[in-house]
Amino acid sequence: MSENGELAGYKGLALEVLQNIGAEIGDFIRVIKGGQVFEGILIPRSEYGDDKHVVIKLRSGYNIGVRLTPDAKVERVGRGEKPAFVAPPLPEQNPALPKVSIISTGGTIASRVDYRTGAVRPALTASDLYSVVPELADIARIDAQILFSLYSENITPAHWAEMAKTVAEKIAEGVDGVVIAHGTDTMGYSAAALSFALQNLPVPVIFVGSQRSADRPSSDAATNLTGAVLAAAKAPFAEVAVAMHETISDTAIVLHRGTKVRKCHTSRRDAFKSVNAKPLAKIVEKRVVMLAEDYKRRDPSRKLVVKPNFSGKVALIKFYPGMDPAIIDWHVDNGYKAIVLEGTGLGHVSNRLFQPIKRAIEKGVVVAMASQCIWGRVNMNVYDTGRDLLALGVTPLEDMLAETATVKLMWIFGQTDNPEEAKQLLKTNIAGEFSQRTLHEEMREDIKQ
Ligand code: ASP
């Protein structure tokens, strides 16, 4: 998500040619070459594309890249209307309603498509979101800000720290809840990160995303955002959660605990699932209905403790047949403090990895085991492989998601450098990230036996 001015993505030869004819994105241009004529709207180019093509949306709606060979003649045929979005005026705020802060970090929920050029633009500010979902005015008084404008694949632990600090500022100002608009791809990681960084929360912090941008008729943005604001304003819990569709229809929004949630589908509206846990709550007829019994209650008098430091020296390594044991050595030799292994089944890796794992642990690297099965818990006492790994000093991660465990270790090594202390913290349930027992009914309907 980056704005490169009037000729977004163009560089080198293509940029020069377009600048020479005074063309901008959205203008009608014509390229004549080899006896052929290509005419259409100039659209933005990927910033990783070469500098020898211009991309045109033809009248048929198809986009084509035309190579600028020496004989090519490029002309601007007409000025295009510039993509513009005019947000409707903000609805009046009712002073009797709870106060909710919306912090926008980017992603599809904060973007819209310009249908003429086909470009996705990070143009929706949090207040635009508010104004295009006017029903929010009946739920809360909204204060809105853009923190980042990033696709979530570009979010790093440094961004988690910024998010945590910004939420803390909002809570200090006395809001009744905070909503974080976020790209869905890594929203689970960010939700886990803030679950560890924001301790002793007095009010809810709700992450929300959408699978389709707000200006598409099929968008899930408005329903998700409304559910998120409702939860931030009124939920009885004070935890970090993710608000997304429960099913593919628009009937209900479900709230997942930040440490137990995972994006499990590339495109469906109900992509997010609570793994090895019941969802925290759901929204039924504009009310927040609790589904989990064990949750931290909202208490505005509670004093928030912010621990926003994360270490980047933690790796998540998925085991696969034939994996080169040197991969473990590489991480040890490059200063990694912890490795989360996503092992097979109950928590296994090939015995070819035993020696490098032993060496890693002897050098003070914390090695922990999650399962790539996703659902279920690791049990390293069943087979001798598991028992051997335990004997080497591998820490089993119970029913924790591998992603959550990775984020937790990044957070732990932001607090301490001592591996023993780190292991103690890893085994301590800080934000509901694991349970002592995974009940069958807490597993997904479709995998119940
Ligand atoms: N790649 C996008 C992101 O995670 C997808 C989305 O927003 O849902 O930012």
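The values are calculated or read from the model by the stated rules, or taken from the named source; none is laboratory data. Since this is a predicted model, take the numbers as computed values, not measurements. For neighbour counting, all protein chains shown are included, and Cβ atoms are generated from backbone atoms with ideal geometry for every residue, glycine included.
Counting only residues that are outside any strand (DSSP E or B) and crowded, with 19+ Cβ neighbours inside 10 Å, which one in segment 249-277 is modelled with the lowest pLDDT?
Our first condition is that a residue be outside any strand (DSSP E or B); within segment 249-277, this holds for 249-252, 258-260, 264-271, 275-277.
Adding the requirement that they be crowded, with 19+ Cβ neighbours inside 10 Å leaves 258-260, 269, 271, 275-277.
Values: Gly258: 98, Thr259: 98, Lys260: 98, Arg269: 89, Ala271: 94, Val275: 96, Asn276: 96, Ala277: 95.
Taking the candidates together, the pick is Arg269.
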Exercise for review: Among the residues of segment 176-196, count how many are closer than 28 Å to Pro95 by Cα and buried (at least 24 other Cβ atoms within 10 Å of the Cβ).
Suggested key: 6
**Study point:** strands (runs of 3 or more DSSP E) contained in segment 286-397 and holding at least 3 residues among the small types (Gly, Ala, Ser), surrounded by 14 or more Cβ atoms within 10 Å (Cβ to Cβ) and under 25 Å from the mean Cα position of the chain (by Cα)
**Key:** 366-371
Check your understanding: Is it the case that segment 113-134 has a residue that's of a type outside the set (Lys, Arg), more than 30 Å from Gly80 (Cα to Cα) and modelled with pLDDT under 95?
Key -> yes
Exercise for review: Of the numbered conditions (1) surrounded by fewer than 23 Cβ atoms within 10 Å (Cβ to Cβ); (2) more than 21 Å from Arg302 (Cα to Cα), Gln199 fails exactly one; give the number of that condition.
Suggested key: (2)
Check your understanding: Name the pairs: first residue in segment 354-367 and within 16 Å of Gly335 (Cβ to Cβ), second residue of a type in the set (Lys, Arg) and not in a helix (DSSP H, G or I), Cβ to Cβ under 9 Å, at least 6 apart or on different chains?
Key -> Gly364/Lys337; Val365/Lys337; Val366/Lys337
Review point. Is segment 387-409 home to any residue that is of a type in the set (A, V, I, L, M, F, W, C), free of Cβ contacts under 8 Å to residues at least 40 places away in the same chain, touching a Pro at 6+ places or on another chain (Cβ under 7 Å) and over 25 Å from Thr259 (Cα atoms)?
Key: no
Point to revise | Single condition Ala137 does not satisfy, out of (1) at pLDDT below 95; (2) small (Gly, Ala, Ser); (3) within 12 Å of the ligand (Cβ to nearest atom) | key: (3)
Revision key, fill the gap. Residues of segment 44-98 being modelled with pLDDT under 75 and more than 30 Å from Ala233 (Cβ to Cβ), in sequence order, are Ser46, Glu47, Tyr48, Glu81, Lys82, Pro83, Ala84
Practice item. Spot the failing condition for Thr105; the list is (1) at pLDDT 90 or above; (2) more than 16 Å from the ligand (Cβ to nearest atom), and only one is missed. Key: (2)
Exercise for review: Test Leu401 against the stated conditions and say whether it is over 30 Å from Ala168 (Cα atoms) and surrounded by 21 or more Cβ atoms within 10 Å (Cβ to Cβ).
Suggested key: no
